[in-house]
Structures are given as C-alpha cells and as structure tokens.
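To start, the structure itself, in structure tokens.
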Amino acid sequence: MISHQLGQPPDGPTPDRPRPYPLHATPHTPLRPMWCCRACGQPWPCPTARLLLRSEYEDNRIGLSIYLCGLLYEATRDLYRLNPNDAPAPADMFARFVGWGPYRRHPPVPPGGDC
Ligand SMILES: [Zn+2]
C-alpha cells in the first residue's frame with residue numbers, strides 16, 4: 001500500500017499562543033494531548049484564547065490562520081491517537097480550530113438592502 005511509503009509530515013507549530021495576559025497569569029494555551037485550555041479547562045481555543053489571539057494577531061491575520069491550521073493538524077493527530085474510535089469529526093475540528101472567524105468576511109449586502 002502506498003501509505004506505507006509516504007513519510008510523516010513534520011510537526012506543526014508549538015502551541016505557545018496566546019501569550020499570558022496579564023503577564024504572570026496562567027496562559028490560555030492548550031494542554032496536550034486533550035486540547036483543553038490549561039487556564040480554564042474548556043476545549044481549546046476557549047473564548048478567552050480566541051479573544052487574546054485576535055488581539056495578538058490583529059495586524060497578522062494570515063499568520064493567525066497559518067498558526068491555527070497547524071494546530072488543527074496537531075490536535076487532530078493527538079485526539080485520534082488518544083481515542084481512535086470516538087474522535088471528533090473533521091468538520092467539527094475545522095470549526096473549532098479554524099472556522100471561528102478571525103478572518104471571516106462580512107456577508108454581502110443584498111441589492112437594495114443598504115439603508
Ligand atoms: Zn481558557
């Protein structure tokens with residue numbers, strides 16, 4: 001089978017963002033391999049992590065996209081290894097890690113709908 005001949009892709013980015021805020025607080029970064037927030041215990045990225053990431057990457061939304069896509073890859077690998085029979089669906093993983101909208105466009109204004 002050809003999959004045995006393919007190499008493994010390299011590791012994704014280190015999940016070290018968002019930075020702690022305030023400076024000495026526990027950062028809202030993921031706790032691996034469960035991918036829950038180390039500060040509040042919610043699934044990562046928690047609402048606070050999303051807010052801090054948006055702020056930290058305000059001038060580099062493409063960089064945030066690349067970071068989140070890399071972590072989506074890392075989280076998918078971890079969670080499928082952790083529980084291969086009941087891992088989250090790929091669409092749910094995408095929505096959780098990438099689709100929450102740091103770069104979402106506003107919906108188009110319908111014709112005649114601009115008041
Ligand atoms: Zn958190």
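The values are calculated or read from the model by the stated rules, or taken from the named source; none is laboratory data. The structure presented is a predicted model; accordingly, all values stated were derived computationally and were not measured. Here Cβ is always computed from backbone atoms with ideal geometry, including for glycine, and neighbour counts include all displayed protein chains.
Given the criterion crowded, with 16+ Cβ neighbours inside 10 Å and within 16 Å of the ligand (Cβ to nearest atom), identify the matching residue among Pro88, Pro20, Pro45.
Residue meeting the stated conditions: Pro45.
Looking only at region 81-104, which residues are touching a Pro at 6+ places or on another chain (Cβ under 9 Å) and either acidic (Asp, Glu) or closer than 16 Å to Pro30 by Cα (or both)?
Leu82, Arg96, Phe97
Can you pull out every residue in region 49-65 that is of a type outside the set (D, E, K, R), more than 16 Å from the ligand (Cβ to nearest atom), in contact with a Pro (Cβ under 8 Å, 6 or more places away or on another chain) and in a helix (DSSP H, G or I)?
Leu64, Ser65
Does Glu74 fit the bill of being more than 16 Å from the ligand (Cβ to nearest atom) and loosely packed, with under 13 Cβ neighbours inside 10 Å?
no
Exactly one condition in (1) free of Cβ contacts under 8 Å to residues at least 24 places away in the same chain; (2) in a helix (DSSP H, G or I) is false for Ala39; which is it?
(2)
Among the residues in region 51-73, are any modelled with pLDDT of 95 or more and in contact with a strand residue (DSSP E or B) (Cβ under 9 Å, 6 or more places away or on another chain)?
yes
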